[in-house]
Amino acid sequence: MDSNYNLSETDILVIKSILQNKKVEEIEGNKDSIINSARKLASLGIVEFNRTAIPKIVLTERGEEALKRGLPEVILFNFIKTNNKRDELEKSGLSKEEINAAIGVLTRGGFIKIDKDQIVILKDIDELNKKFEKLNEIKLNGIKNEYFDEFLKRGLIRIEEEEKINLTLTEEGKKIASNLGNLEGYVSNLNKEIIKNYKNYKFRAYDLNSTPYILYNGRNLVKYFIDEVRKIMFSLGFQEMSSNYVEEVFWNYDVMMFRQNHPDRDIQDTIYLDEKGDLDISLLERVKEVYLNGIKGLSFGYGGKFDESESSKLILRGHTTATTFRYLYYVISKNLDKNYRFFSVSKVFRNEAIDFKHLREFYQIEGMIYEDGLSVRSLIGYIKEFYKSLGIDKIQVKPTYNPYTEPSFEIIGFYDKINDWVEIGNSGMFRKETLYPLGINKNVAGFGLALERALMLKYGIDDIRLINGSESDLDIIRKYKAFKLW
Ligand code: PHE
């Protein structure tokens, strides 16, 4: 190839389009690859890449509505022609708020006046019809007119920033462009046909010496933090549990004595899958027995019905306590004389509304302790020790309710950024009813801590969406130099 640059077909297309004065959005092809190519050309010094935000006037939902129905003042005016009683204006179909605003517009414009409980028409509303046309005009061409301020104030229009990307060729770019002929006609994407007839094609060379364009070099902060948490858990004597994201309803709920068809289960708005799993039927029967009738001499059970067909449904687990119960059954109940501390750091899924402290998928730090002489005190001791190792000191526990623990403790941490306490975890001693069907008859303590919340506390990040998920802020990753790999 005649050039030092290794230009792809898309790169050449972009350069040609700039020569033809085409705007980025006019270039045909996959938008993402065009933008990527433009970025690459910019990093090679071939094009200048400029973004500008161009303000554009658009109609709000209310504005669109007004175009469909008419402006509220026009609707009201026409209504008044047939019914001018002040306290019957709601029959016009407008809301109270709209009526008040419309009366304001009509009186200020001198179209009506209020005379005790009647409304008197003073002049016709041609002007207002003109206003309606002006709103339509804005919708059509997005340009300011004499009603701009009023429409804006009334929330009929808003200003949107439209991002435009402007590409120009640098001096270097112009040189390359004048020589495009030599670059064209090289194949960069191979397929079966091309390989078969390779003699008929010219291939784009790979430049093995080129330096890749490195946008950032860091580990995701969440991944880094997970390793830090794992190290602390190991140092506190915990072994790691392995687990799956998909669980049966049984392991997520039934085994923990969450009541079926009960708000207990709403805490974790569950994401159901279409399929069913396999269950250990004898365990299911034992759980069902305790669920319905309790433990003899200790409790009465919930009574009512237990629907076994519900239990085998597959879901995305809502908490990693499901894993704790699998380990209680498959490991601990088979080794009752040993002591165990287990943990996992893994994802859970809840169908929640996303905001600054909620995501639909997030990490839980799960812990479980099975050892002689275990008490509530040691449970809280482990939790405090864990946070202390992370450098988080302002922790408190307060009583709470869980269907599967008694007593239960919510863990709250002081969040400097909002100067308030936020929930960062939950814990407790598992109820006898949850352990009995597994054949366990000693105290077991458990906790579930919110990983992203701990991270936010530690690093002073005030929005969970910035560190995990599609809106993550890459600058946060870059900021923590410690995470640089090279
Ligand atoms: N599963 C609980 C949660 O999701 C945490 C927890 C674990 C509570 C173990 C008690 C015992 O919040």
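Side notes on the structure shown:
- In the chain, a dipole from Cβ-located charges (positive for Lys and Arg, negative for Asp and Glu) runs towards its positive end, and of Ile157, Ala53, Ile121 it is Ala53 whose Cα lies farthest in that direction.
- Kirkwood hydrodynamic radius (C-alpha pairs) into Stokes-Einstein, segment 1-127, 25 °C and 0.890 mPa s, D in µm²/s: 125 µm²/s
- Note on Lys123 and Asn339: the model spin-label points, each 7 Å out from Cα along the C-beta direction, lie 9.3 nm apart.
- Each of Glu361 and Tyr330 was given a label point 7 Å from its Cα along the Cα-to-Cβ line. The distance between the two points is 2.1 nm.
- Secondary-structure-derived ellipticity at 222 nm for the chain, considering helices only, amounts to -10500 deg cm²/dmol, per-run term -39500 (n - 2.57) for DSSP H runs with n ≥ 4.
- Charge sum, other residues only, whose C-beta stays under 14 Å from Glu28's C-beta, Lys/Arg counted +1 and Asp/Glu -1: 0
- Theoretical gain in end-to-end length, Trp421 to Glu285 [0.36 nm per residue, Cα-Cα removed]: 44.7 nm
- In straight-distance terms, cross-link reach from Lys357 covers every one of the lysines whose alpha-carbon lies under 28 Å from its own, apart from those fewer than eight places away in the same chain; here that gives Lys223, Lys231, Lys347, Lys384, Lys388, Lys394, Lys398, Lys417, Lys458, Lys479, Lys481, Lys484.
- Full-extension gain in nm, Ser470 to Phe300, via 0.36 nm per residue minus C-alpha separation: 56.4 nm
- Farthest positive-ward along the chain dipole, Cα basis, beta-carbon charges - from Thr107, Met256, Ser378: Ser378
- Phi angles across segment 338-353 convert, under the Karplus curve 6.51 cos²θ - 1.76 cosθ + 1.60 with θ = phi - 60°, into 3J(HN,Hα) values of 8, 9, 9, 10, 10, 9, 8, 10, 7, 7, 10, 10, 9, 7, 10, 6 Hz, Gly and Pro given as x.
- Ranked packing of 52-60, 378-386, most packed first, by mean Cβ within 10 Å: 378-386, 52-60
- Solvent-accessible ranking of Thr270, Thr82, largest area first, probe 1.4 Å: Thr82, Thr270
- Simple Cβ-charge dipole of the chain, Lys/Arg +1 and Asp/Glu -1, about Cα centre, in debye nearest 20: 740 debye
- Structural size metrics of the chain, computed from C-alpha coordinates, are Rg and Dmax of 33.2, 94 Å.
- Counting all C-alpha pairs of segment 222-479, share separated by more than 28 Å (%): 33 percent
- Reported value for segment 376-476: 123 Å³ per residue, from the convex hull of its C-alpha atoms.
- Debye intensity ratio I(q)/I(0), log10, segment 61-155, q values 0.17, 0.22 Å⁻¹ (C-alpha model): -0.73, -1.15
- Per-residue packing, averaged as other Cβ atoms within 10 Å, sorts the ranges 446-453, 466-473 into the order 446-453, 466-473, beginning with the highest.
- Chain lengthening between Asn209 and Lys16 when straightened (0.36 nm per residue, less Cα-Cα): 66.8 nm
- If you model segment 96-246 as an ellipsoid using its alpha carbon gyration tensor, with each semi-axis the square root of five times an eigenvalue, the axes come out at 63, 38, 17 Å, biggest first.
- Restricting segment 107-207 to chymotrypsin sites (Phe, Trp or Tyr not before Pro) in coil, as DSSP defines it, with at most 15 other Cβ within 10 Å: Tyr201, Tyr206
The values are calculated or read from the model by the stated rules, or taken from the named source; none is laboratory data. Because the structure is predicted, anything quoted here is derived from the model rather than measured. So basically every Cβ, Gly included, is an ideal-geometry build from the backbone, and we count neighbours across all protein chains shown. Just so you know, the surface numbers come from the protein's heavy atoms only, side chains and all, with ligands and any DNA or RNA stripped out. Shrake-Rupley method; radii C 1.70, N 1.55, O 1.52, S 1.80 Å.
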